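The values are calculated or read from the model by the stated rules, or taken from the named source; none is laboratory data. For clarity, every value in this text was computed on a predicted model and none was experimentally measured. Note that each Cβ is placed from the backbone with ideal geometry, even for glycine, and that neighbours are counted across all protein chains shown.
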Amino acid sequence: MRAIIRSVRGDDEGVASTLGTTMALLVFLTFLSLIVNQYVPAWMKESEAAHVNTVLGQMGGLKGAVDLQILAAHSAAIGGQTYIPVTSTSAVTLGVDGIPIFASPTPATMTALVGSGAFTVTFDYMVQGTRQRIVEVSNGSIDVDVQNRYFVPQRIAYENGAVIRYQSDGQIIRGVPTFAVKKINTALDVTFGLVSLYGSGTVSGTTTEVVNAQLFAVDPQEYVSFPSDGRIWINHTSRYGLAWYQFVNETLANSLRLSGTFTRGALGPTFTGKIAGTTVYIVSAAYNPTNGEYTMRLELRNTVGVLTIGTFRLLIAYVNVQVGETTLSGP
């Protein structure tokens, strides 16, 4: 009996189909890897950077709304009119929406911190030959903590009338507060603002939330008589103290243009402004490694015969704030 032996041949069409499918999968995986490892991080980094800039502008809008209320109340007081409180509403976009499938959203947290960022202004002045001490205090801030995953994590804060941008390697005041120093002949004309925030609330996510702010009192003060050895001390403690030091130091330098000495110690910098060897002001910042905060100190001296303190104006404002679902409430 004859056995029929058939030769086994490779199926050229099947091999080509398998190779084609494999190559298509490799091309798809390469393209997918390019999207996940290159395109998505670059897109999210740009989106997070743009979002932080947007929040900075929105917090600047909050500052502008509060400043307008302070101006209106101050003008009403000067004109002898009753100020009718109004409530301003400022929108803040908390986070960044992610890319479906490829990247999750980047949330942020906005919090009203009533007890943070304390400012203390202390000085002596003369009333009918009697030395009196004045101590004024303000506190409160609104922080937007943006925990970026691709861009540098940052905080945008509204504190004492200033808008501050903060990150781990630096901080700066972007919206300037009320602080002005003028040299008129041999006297200083100084203006400083204190803004106290009352209220509470916190909200997290990627949605757009609002901050309601209502000024309920303003107290302008002016002092023109200081003892011969008088001082004005302005102290501030918060994580943003270094930004305040830079702002105060630059303001004094641009206004007075004094020479002086600069030192940088283990905990922070100090600048001493002088005229002919006589100290006029000292501004410093000291870091506390325990709580991660800076203490900014400014000392203005009444230097008779060199540069005296002629006028010191304080503009004190009290503002109710609402973040999230909380309600406005007074002190």
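Test F262 against the stated conditions and say whether it is surrounded by 14 or more Cβ atoms within 10 Å (Cβ to Cβ) and not hydroxyl-bearing (S, T, Y).
Criteria not met by F262.
Filter region 292-304 for residues that are without any contact (Cβ under 8 Å) to a residue 60 or more places away in the chain, farther than 17 Å from K182 by Cα and touching a strand residue (DSSP E or B) at 6+ places or on another chain (Cβ under 9 Å) and give the result.
The initial filter retains those residues of region 292-304 that are without any contact (Cβ under 8 Å) to a residue 60 or more places away in the chain, namely 292-294, 303.
Going one step further and asking which of them are farther than 17 Å from K182 by Cα, we end up with 292-294.
Once the filter is applied, which keeps residues that are without any contact (Cβ under 8 Å) to a residue 60 or more places away in the chain, farther than 17 Å from K182 by Cα and touching a strand residue (DSSP E or B) at 6+ places or on another chain (Cβ under 9 Å), region 292-304 yields E293, Y294.
Working only within region 80-127, note down all residues that are hydrophobic (A, V, I, L, M, F, W, C), at pLDDT below 85 and either assigned to a strand (DSSP E or B) or touching a strand residue (DSSP E or B) at 6+ places or on another chain (Cβ under 8 Å) (or both).
The one that is hydrophobic (A, V, I, L, M, F, W, C), at pLDDT below 85 and either assigned to a strand (DSSP E or B) or touching a strand residue (DSSP E or B) at 6+ places or on another chain (Cβ under 8 Å) (or both): V96.
Here are some conditions: (1) assigned to a strand (DSSP E or B); (2) in contact (Cβ under 8 Å) with a residue 24 or more places away in the chain. V135 meets all but one. Which one does it not meet?
Result: V135 fails condition (2) only.
Within region 303-314, can you find the residues that are out of contact with any Asp or Glu (no Cβ under 7 Å at 6 or more places or on another chain) and crowded, with 19+ Cβ neighbours inside 10 Å? Break it down into steps so the answer makes sense when it comes.
Narrowing region 303-314 to residues out of contact with any Asp or Glu (no Cβ under 7 Å at 6 or more places or on another chain): 303-309, 312.
Within region 303-314, T303, L307, I309, F312 meet the criteria.
Grab the strands (runs of 3 or more DSSP E) fully contained in region 147-250, keeping just those with 1 or more residues being of a type in the set (D, E).
By residue number, 154-159, 187-200, 208-223.
Looking only at region 135-182, how many residues end up being aliphatic (A, V, I, L, M), closer than 24 Å to D67 by Cβ and surrounded by fewer than 19 Cβ atoms within 10 Å (Cβ to Cβ)?
Qualifying residue count, region 135-182: 5.
Exactly one condition in (1) out of contact with any Lys or Arg (no Cβ under 9 Å at 6 or more places or on another chain); (2) surrounded by 15 or more Cβ atoms within 10 Å (Cβ to Cβ) is false for G129; which is it?
With respect to (1) out of contact with any Lys or Arg (no Cβ under 9 Å at 6 or more places or on another chain); (2) surrounded by 15 or more Cβ atoms within 10 Å (Cβ to Cβ), G129 is out only on (2).
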